[in-house]
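To start, the structure itself, in structure tokens.
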Amino acid sequence: MIIDFHTHIFSRAIRESREIYFPDEPAFRLLYESPKSQIVGAEDIVRSMDEQGVDRSVVFGFPWKSSNTFKRENNYVMEAVQRYPDRLIGFCCFDPFDKDSPSEAERCLSSGLSGVGELAFYQSGIDKDSRDVLEPIMDICREKGVPVLIHTNEPVGHAYPGKTPNTLSQIYQLVRKFPENRIVLAHWGGGIFFYTLLKKEVRESLKNVWFDTAASPFLYDPDIYRIAGRLAGPDKTLFGTDFPLLKPSRYFREFQKAGLSEEETRRLCGGNAENLLKI
């Protein structure tokens, strides 16, 4: 089974009038102001999955600041999962700083969604205030046994829309603060898995952490798939496209370039996600 662990969908209200949300949602504007930035709905992703040979996709929206918007968009994700129960796996998304976020997590998870994310701190990075505000949300997810997907990125290299000011220290403090939560770090976790080579502490601290491949073809050489699998562990890497940013076929070609074995590809493309999501 091929599972795309990182995709975004939006309701018709967003797809048809994205510009009206720009004044109050600076992060959304940063990422989606360009007409080239695609916004798709549930039907679009299922159609692409059929074309690309993907069996299931984890779908979520955006960490909206407006509680009215994130509640409506989470409702849309729930409706999408109900329409395509054998194809879509829904996560709920919101701004963790909003006072309604813990109750929204509880509502969505009790209504059948399978996790929380992609949570992001586009302006602040994952600073102390961000980690503290996550605590009630992480408590809920830990109690329900569901994963939390957190936006991270490499702290060096070229700038691009959506690259946050997070540091490796912030990412590490995040996973250390919530050791019993199952955490997925998007975009390879900023490369923090490299430090599993240290003899003390880090490998144990990352025992409940997974890493997705979202946007990897834009960021890393194909060797990253083989190297990350060895350093993070062969059961800790998750195929994610950031669709509609990139199509799965782009990744499949890179897996071949990387020289992944059949078993490595099977785990990366779905086996690890099946275990994490308890499918």
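All of 85, 63, 96 fail the test of being buried (at least 19 other Cβ atoms within 10 Å of the Cβ) and within 29 Å of residue 269 (Cβ to Cβ), apart from 63.
Outside any helix (DSSP H, G or I) and either surrounded by 15 or more Cβ atoms within 10 Å (Cβ to Cβ) or on the phi > 0 side of the Ramachandran plot (or both): does that describe residue 14? For residue 14, the condition - outside any helix (DSSP H, G or I) and either surrounded by 15 or more Cβ atoms within 10 Å (Cβ to Cβ) or on the phi > 0 side of the Ramachandran plot (or both) - is not met.
Only residues that are out of contact with any strand residue (DSSP E or B) (no Cβ under 8 Å at 6 or more places or on another chain), hydrophobic (A, V, I, L, M, F, W, C) and under 20 Å from residue 240 (Cβ atoms) were counted across the stretch 54-84, and they come to 0. Taking residues in the stretch 135-155 that are within 21 Å of residue 123 (Cβ to Cβ), and partners anywhere that are basic (Lys, Arg) and surrounded by fewer than 20 Cβ atoms within 10 Å (Cβ to Cβ), the pairs with Cβ atoms closer than 6 Å and at least 6 places apart or on different chains are 153/163. Is it the case that the stretch 214-222 has a residue that's surrounded by fewer than 19 Cβ atoms within 10 Å (Cβ to Cβ), among the aliphatic types (A, V, I, L, M), modelled with pLDDT of 95 or more and under 28 Å from residue 46 (Cβ atoms)? Within the stretch 214-222, one or more residues are surrounded by fewer than 19 Cβ atoms within 10 Å (Cβ to Cβ), among the aliphatic types (A, V, I, L, M), modelled with pLDDT of 95 or more and under 28 Å from residue 46 (Cβ atoms). Summed over the stretch 30-54, the residues that are surrounded by fewer than 20 Cβ atoms within 10 Å (Cβ to Cβ), under 18 Å from the mean Cα position of the chain (by Cα) and not in a helix (DSSP H, G or I) give a count of 5. Checking the stretch 103-120 against the condition returns a match, with at least one residue being in contact with a Lys or Arg (Cβ under 8 Å, 6 or more places away or on another chain), buried (at least 18 other Cβ atoms within 10 Å of the Cβ) and within 23 Å of residue 32 (Cβ to Cβ). Each residue in the stretch 206-245 was checked for being touching a strand residue (DSSP E or B) at 6+ places or on another chain (Cβ under 8 Å), outside any loop (DSSP other than H, G, I, E, B) and closer than 22 Å to residue 182 by Cα, and 10 of them qualify. Listed by first and then second residue, the pairs linking a residue in the stretch 54-77 that is closer than 11 Å to residue 94 by Cβ to a residue that is modelled with pLDDT under 95 and in a helix (DSSP H, G or I), with Cβ atoms under 9 Å apart and 6 or more places separating them unless they lie on different chains, form an empty list.
A Cβ distance below 7 Å, combined with a sequence gap of six or more or placement on separate chains, defines the contacts here; from the stretch 160-176, residues that are at positive phi reach residues that are surrounded by 14 or more Cβ atoms within 10 Å (Cβ to Cβ) in the pairs 162/30; 162/31; 162/122.
The values are calculated or read from the model by the stated rules, or taken from the named source; none is laboratory data. Model, not experiment: these values are computed from the prediction. We place every Cβ from the backbone using ideal geometry, glycine too, and count neighbours over all the protein chains shown.
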